[in-house]
Amino acid sequence: MTRWEQAWASDVLKAFTLDGAPGLNVAPGEVDYLGAFSRMRRGSTALAAFGLRIALWMVILAPLWLLGRIGTFSALAVRERTELLAHLLSHRSFVVRELALLLKLTAAMALLGTASVRARTQYDDTRAPVLLTHDARVHLKTVSELTRNSQPPERAAS
Amino acid sequence: MKQLDDAADFIIVGSGAGGATAARVLSAAGCSVVVLEEGPALSPDQRSRALLPAMDEAVRDMATIATSGRTPIPLLMGRCVGGSTAVNSGIIWRMPEDVQEDLRVHHGLDELLEPHALERCFEAIEADLGVAEVRDEIMGGNAQLLRDGSQALGLSGQPIRRNARGCKGSARCLQGCPTGARQSMDVSYLPVAVSHGARIHALTRAKRVLFEGGRAVGVSAEQLDASTKKPIAKLTLRARRGVILAAGAIFTPVLLLRSGLSGRVGHGFQAHPGSAVVGRFERPVGMGYGATQAYEVPLRARGYKLESLALPPELLAARLPGAGAQWQSYLSRLDQFAQFCAVHRAQARGRVRLGTFGGLDVRYELTPADVERVKESVALLTRIMFAAGAVEVYPGVAGVPERLTDPAQAELLLGPNVRRDAFHMLASHHFGTAAAGGDPRHSVVSPRLETHAVRGLYVMDASALPTNLGVNPQHSIMAIVRRAAEQLANAERPARSAA
């Protein structure tokens, strides 16, 4: 991704939430949106990673093709950005909706993947264990782990 | 690049329900076994609570592999030691009688599915994995609402039977059980196999099956770097008695095709596509506590099963409508939401084949009848959600209001303008791409799960099931593999293996 695209990714993912709106608020710099976007791309198929990039371009150029305005998404006022995203999420085209949803999923991964933000959602129930408590924990030894820098057992033994 | 070799009586590709069961049975019978798994070995304390790293580590391509029809459906598959059993909800269902009958009568699987033998396999697996109904104390608020709502509409449901010993209700099955309670293959059958001498090569991707004289004699593979997933070594794994493919109904046919097999390989792909409905309640639901899936309403005659499904907060957030202030108000009270899903026994049949540049192409389109059933199930879930007390329901269906506030609005979901592309779906159960059968013209493997085309090459996963089941497939996969692996272990060794 180019530096332009990285900046766009942050702009777009941040815009799913509005500063100062009632409900969940996010402090500046609290969430690593770009990190989540990069990890999503890295972990996806080549086609899906390409789709994420296309989604980004689709949103960045949406003022032009959706609103008929000269300028990019980043040039819009903050509130307009959020409204535009909401519009894309309910667009009549399946492809547009799915690409916008992919970005929303990435934003949600970034937001809820941040422990301090997650703590403010009240999702976690104190009855649910956070730490490993089971007595019968299993650590399965694998050949790769045992022999990453040596020979597998059968050959080593021969 | 470094070259490594290994050898065993059996080389097994895949460590999920099929591969781990084969490894357990064959190693216990005194056979030497090597298991290849493309993903890493993750102990319970290495499983992340946050969804992004959890999926990156354990889910194949983060579920971004999708069918290639007009409206793609993402395919969820595990890629870690334990396979999909390490990311599923541990739901255990015996193969339904009507499916058994169909497979015996129409596919020639009388011997594989001999009723007494199958019963013995089911019982043994259930004992091994501690299968039991979800206890009341870990039912969780989400499942209780499905129970209450379905009962209010006169539908008969039940607590789900799961393979979890001492489940603490972490609601983290997808991310990986943090307590090791769920008896996925990495904490149950594979440790037993290892205790019998099996060796597991994690982070090892099978490339193709090797043949000599019309017989499978090994697998060429590559070892992957844990962080970059790039190849760091080549492996040649020699099989003295056989190669067993258990890479799932998507990647087993890919391996067969890359190894030069053809015929019916990849044909007959079937799935259980799922759709879901979210509801908001005025009081806390507590989706973050309880068994991830704890209550179900089987509606087999209608072609689907309803289930409670507690979503990780990341997926729940993405599933809630809108952006901006309204969305943020939802996010501040994620404890007030419930989600139910419908899993469909779709009639559609597709095909897995190699795509351009050696990639993957999964052709699959729901039939019009399937789409009607999806509409019906989502409308029913909406009514159940209201009957349980929801103040708003979010069906997630394009062309229908994002927020429904009255049960009568469920009718909107049945309208003629609601088409297939209005729904978001996901398919986690895949079948039929190397089907078993007595007739080589219509199947890929024999009733003993050995390929018709090549001796010593076996398919032991859901690829071999000729049809979808309408119920969660892990138990059926394990039972048929247990049966076939026992037959294999008892078979006379080829003369050359003694050399």
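All of the numbers you see were taken from the coordinates with simple rules; none came from a lab. Small disclaimer: the values here were computed from a predicted structure and weren't measured. Note: ideal-geometry Cβ built from the backbone for every residue, glycine included; neighbour counts use all protein chains shown.
Look at B:PHE431, B:PHE251, A:PHE50 and count the other Cβ atoms within 10 Å of each Cβ; fewest to most, that gives A:PHE50, B:PHE431, B:PHE251. Rounded to whole numbers, the Karplus 3J(HN,Hα) couplings from phi for the stretch B:153-170 are 9, x, 9, 9, x, 7, x, 6, 8, 10, 9, 10, 9, x, 4, 9, x, 6 Hz, using 6.51 cos²θ - 1.76 cosθ + 1.60 with θ = phi - 60°, and x at Gly and Pro. A straight Cα-to-Cα reach below 22 Å connects B:LYS230 with the lysines A:LYS141, B:LYS2, B:LYS207, residues fewer than 8 places away in its own chain not being considered. For the stretch B:254-291 versus the stretch B:131-147, the spacing of their alpha-carbon centroids is 22 Å. Cα axis of helix B:115-129 to longest principal axis of chain B: angle in degrees, 0 to 90, nearest 10? Rounded to the nearest ten degrees, it is 70. Scanning residues 5 or more positions from B:ALA164 or on other chains, those with amide H under 5 Å from its amide H are B:ALA132, B:GLN183, with H placed 1.01 Å from N in the peptide plane.
Got a sec? Charge dipole of the stretch A:3-149, +1 on Cβ for Lys and Arg, -1 for Asp and Glu; which of A:TYR33, A:ILE70, A:ALA46 is way out at the positive end? Farthest towards the positive end: A:ALA46. Computed over neighbours whose Cβ is under 9 Å from that of A:ILE60, the net charge equals -2, Lys and Arg +1, Asp and Glu -1. Placing one equal scatterer on every Cα of chain B and applying the Debye formula, the log10 ratio I(q)/I(0) at q = 0.09, 0.11 Å⁻¹ is -0.59, -0.88. For the stretch B:102-254, the dipole from Cβ point charges (+1 on Lys and Arg, -1 on Asp and Glu) about the Cα centre works out to 960 debye, to the nearest 20. Placing +1 on the Cβ of every Lys and Arg and -1 on the Cβ of every Asp and Glu, with nothing else charged, gives the protein assembly as shown a dipole about its Cα centre of roughly 1380 debye. Amide H contacts of B:VAL217: B:LEU210, B:PHE211, B:GLU212, each under 5 Å away and 5 or more positions distant or on a separate chain (H built 1.01 Å from N in the peptide plane; Pro and chain starts excluded). Normalised by the number of residues in chain B, the mean separation of alpha-carbon contacts (under 8 Å, six or more apart) gives a relative contact order of 23 percent.
Basic side chains Lys and Arg get +1 at the Cβ, acidic Asp and Glu get -1 at the Cβ, and with that the dipole of the stretch B:249-354 about its Cα centre reaches some 620 debye. In terms of Cα atoms, the Rg and Dmax of the stretch B:167-229 work out to 16.8, 53 Å. Report summary: the helix-based calculation at 222 nm, which adds -39500 (n - 2.57) for every DSSP H run with n ≥ 4 and divides by the residues of chain B, gives -8000 deg cm²/dmol.
Per residue of A:109-119, other chain Cβ atoms within 10 Å of the residue Cβ number 5 on average.
Partners of B:LYS229 within straight-line reach, counting aspartates and glutamates whose Cα lies under 14 Å from its Cα and excluding those fewer than 8 residues away in the same chain: B:GLU37, B:GLU38, B:ASP56, B:GLU57, B:ASP61.
Across the stretch A:3-149, counting alpha-carbon atoms alone, Rg and Dmax equal 19.2, 63 Å. Applying 1/(1 + (r/R0)^6) with r as the Cβ-Cβ distance of B:HIS106 and A:ALA27 and R0 = 56 angstrom yields a FRET efficiency of 0.35.
What the Cα convex hull of the protein assembly as shown gives, in volume per residue, is 150 Å³. Considering only A:LEU13, B:PHE337, A:THR2, and ranking their Cα positions along the charge dipole of the protein assembly as shown that arises from unit charges at the beta-carbon of Lys, Arg, Asp and Glu, the one farthest toward the positive end is A:THR2.
Between the residues B:PHE269, B:HIS424, B:VAL34, the greatest Cα displacement towards the positive end of the dipole of chain B, with unit charges on the Cβ of Lys, Arg, Asp and Glu, is found for B:VAL34.
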